[in-house]
Amino acid sequence: MKIGKPERMIINGKRLDGRGLYDLRPIKMRVGVLKNADGSSYLEWGGNKILCAVHGPRELHPKHLAKPDKAMLRCIYSMATFSVKERKKPGPDRRSIELSKVIREALENVIFLHLFPQTVIDVYIKVLQSDGGTRCASIVAASLALADAGIPMKDLVSACAAGKVDGEIVLDLFEIEDNYGEADLPVAIVPKTGEIVLLQMDGNLTKDEFKKALDLAISGAMKVYELQKKTLYERYGERYETER
Amino acid sequence: MERKVIIPGEFIGKNVKVQGLFYRINNSYYSSIYGLLEENQNYKKIIPLAGKYIPKPGDLIIGYVKDIEFSNWIFDINSPYIGILPVEEFLRPIDLPKEDLRKLLPLGTVAYILVKEFGRERKAVLSLKDKRVKILKKGRLIEIPPVKVPRIIGRKSSMIKMLKEKLKISIIVAQNGRIWLNGNVDDVLYAEKIIEYIVKNAHTSGLTDRVKEIIEKREIPK
C-alpha cells in the first residue's frame, strides 16, 4: 500500500520525519558481519538496511571474460522481496541493473584493479529494507566491505543525496520525499580528491538550485565519510588500544 | 613499537620509506589498504588485515591436485591464480606418454610445494625439485587468512617453535595460509583451537606469551 501524497512536506522548517532541511538521517555501520565472505558490511541509514558482501579477488569463470591487464569488478545490487511495502518481484530488473552499473562505475574509480590481472572482485549488495536513497547507501556499504576485504583502494567512496522538496533544497531524501518531491540528486565522491564518481538527477532544478544541491550533497557525503572512517578505526582500534 | 590502524587513502608521511601496499603522489605516501601501520626507526610498514595470497617465487605453499592435463598437474593453491606443476618439475624424469600422471600424483594429492616462477601469465609454476618439499599423506589441513601467516610464525619463528615444542606435533605453515598438522588426534584438534585464537587476536601485541600461558594450562581459548 502506498501512502498518498502529503499536502505539505515541510512544515515550519521541519520535514515529515522531524529533521531540519540540512540534517542526515541516523546512520549505523558495521564491518565484518559475514563469516563466509572475504569482506562484508552492514549499514542502517534511516529506514534503509543494507547488507554487502565482497568476494575476491578470485578466479574468473568463464575465462574469456578475464582482462589480461586488470581485475574485473562485478557489482550485483538486488532488493529483497520484503524490502518494500508491496512484494518486490525477485531477480534483476531494469532498475537494479542500472544501479549495479552506476555503483560499479563509482567503485572502479578507487580500486587498484591493475594489481590483480585476470581475476574478478565480486560485490553483492542486498537491500533488506528500503526507505529512499538506497543507491547512495549501497555505495557507502560497498566501499566499507571492500576495505574490510583488504582490497587496495585510493580512498573510500562516500555518497549522499540532496533534492528539492516543496520548493526547498534539502539533504538526504527519504522515501516519501523521493516519491513526491520535485528533484533528487544522488552524488558519490572520493573525499580525498573531491572527485565526483556518481551524479544522477531525477526531476528539474534551476542552475542555482543545482549548484546549491550539489554542494549540500557533497557536504553530506563528507559527514558520511567521517562515520565510515570511525567505523573502520573502531573495529580494531578499541580492542587494540586496550590490549596493548 | 608503535602500531595504529590505517584506512585506505590515509596519509603516511612525506619522504619516508614505506613497506607494503601504498601509493604515492609526488613525495607524499598514502596507504592503499585497511591495515595496521608499524612505525620503525628507518621505515614504516603497512601490515594488511585481510587479503588473498598472491604467489611469489621462492614461497613454499600447500596445494592439492585439482586437475590433470597431458603434461601438467593443476594445483589449487588458495589464491586467485592456479598453480601448474609441469612434468619436468616432478621428482624424477617421466617418460611421456607411457606413464600415467594420474598414478604418480592422483587427484586430491596434497603437497608442500615450491613456487618456482610467477610471471606475466599469472600462473604459478610449481616444483617438487627441492629438499624442503613434501607429499603430505596423513594429517589435518586447515586454512587461515594468508595475511595472518606471519603471526603464526612469529618474530624469528618464536611462535611456531613454541607451538611445536609445547604441543608435540608436527606443523607445517605454508605461505598461502594453509597449515598442516600431524600427530596425536587430541593434540591436533587442540592445536587447531589455538591457531584459531591466534588468528582472531592477530592484531594484538604480546600474543606469544599469552598463547604460551594458555597452552601450559591447556585451556580452551575463547
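No value in this document is a laboratory result; all are computed from the given coordinates. In this text, all values refer to a predicted model and were calculated from it rather than measured experimentally. Note that we place each Cβ from the backbone using ideal geometry, even for glycine, and neighbour counts take in every protein chain shown.
Explain nothing, just the number: dipole magnitude of the protein assembly as shown about its Cα centre with +1 on each Lys and Arg Cβ and -1 on each Asp and Glu Cβ, in debye rounded to the nearest 20.
1460 debye
Do you know the relative contact order of chain A, to the nearest whole percent, from alpha carbon pairs under 8 angstrom that are 6+ apart?
20 percent.
Find how many whole Å separate the alpha carbon centroid of segment A:208-232 from the alpha carbon centroid of segment B:112-185.
47 Å
Please pull out the direction-averaged projected area of chain A, using the convex hull of its alpha-carbon atoms, in nm² to one decimal place.
The orientation-averaged projected area of the Cα hull of chain A comes to 15.2 nm².
Amide H to amide H, which residues 5 or more places from residue A:162 or on other chains are under 5 Å from it, using H placed in the peptide plane?
Correct list: A:172, A:185, A:187.
Which aspartates and glutamates, if any, have their Cα less than 13 Å from the Cα of residue B:148, not counting same-chain residues under 8 positions apart?
B:196
Among A:16, A:42, A:77, whose Cα projects farthest towards the positive end of the dipole of segment A:1-139, with charges put on the beta-carbon of Lys, Arg (+1) and Asp, Glu (-1)?
Of A:16, A:42, A:77, it is A:16.
In what sequence do A:209, B:219 fall when counting other Cβ within 10 Å, fewest first? It would help to have the intermediate numbers written out before the result.
On the way: A:209 19, B:219 13.
Fewest to most other Cβ atoms nearby, the residues stand as B:219, A:209.
What's the center-to-center distance, using Cα atoms, between segment B:9-70 and segment A:160-196 in Å?
Taking the Cα centre of segment A:160-196 as reference, the centre of segment B:9-70 is 37 Å away.
Exposure proxy check: A:38, A:69, A:166 ranked by fewest other beta carbons within 10 Å?
A:69, A:166, A:38
Using a 10 Å cut-off around each Cβ, can you sort A:184, A:208, B:76 from fewest to most neighbouring Cβ atoms?
A:208, B:76, A:184
Might you report the magnitude of the Cβ-based charge dipole of segment B:40-95 about its Cα centre, with Lys and Arg at +1 and Asp and Glu at -1, to the nearest 20 debye?
For segment B:40-95, the charge dipole is close to 560 debye.
Under a 5 Å amide H to amide H cut-off, with H placed in plane at 1.01 Å, what residues pair with residue A:154 once short-range neighbours are removed?
A:111, A:112
Treating the beta-carbon of each Lys and Arg as +1 and of each Asp and Glu as -1, no other charges, what is the dipole magnitude of segment B:91-222 about its Cα centre, to the nearest 20 debye?
Details: 31 positive and 16 negative charges, 54 e Å.
Dipole size: approximately 260 debye.
Cross-link list B:44/B:156; B:161/B:212; A:14/A:88; A:164/A:223: which exceed 23 angstrom alpha carbon to alpha carbon?
Where the Cα-Cα span goes over 23 Å, the pairs concerned are A:14/A:88.
What's the percent breakdown of Cα-Cα distances in the protein assembly as shown across 20 Å bins, shortest bin first?
Final binned percentages: 22, 47, 25, 6, 0.
Express in % the proportion of alpha carbon pairs of chain B at distances exceeding 23 Å.
Tail of P(r) above 23 Å: 56 percent of Cα pairs.
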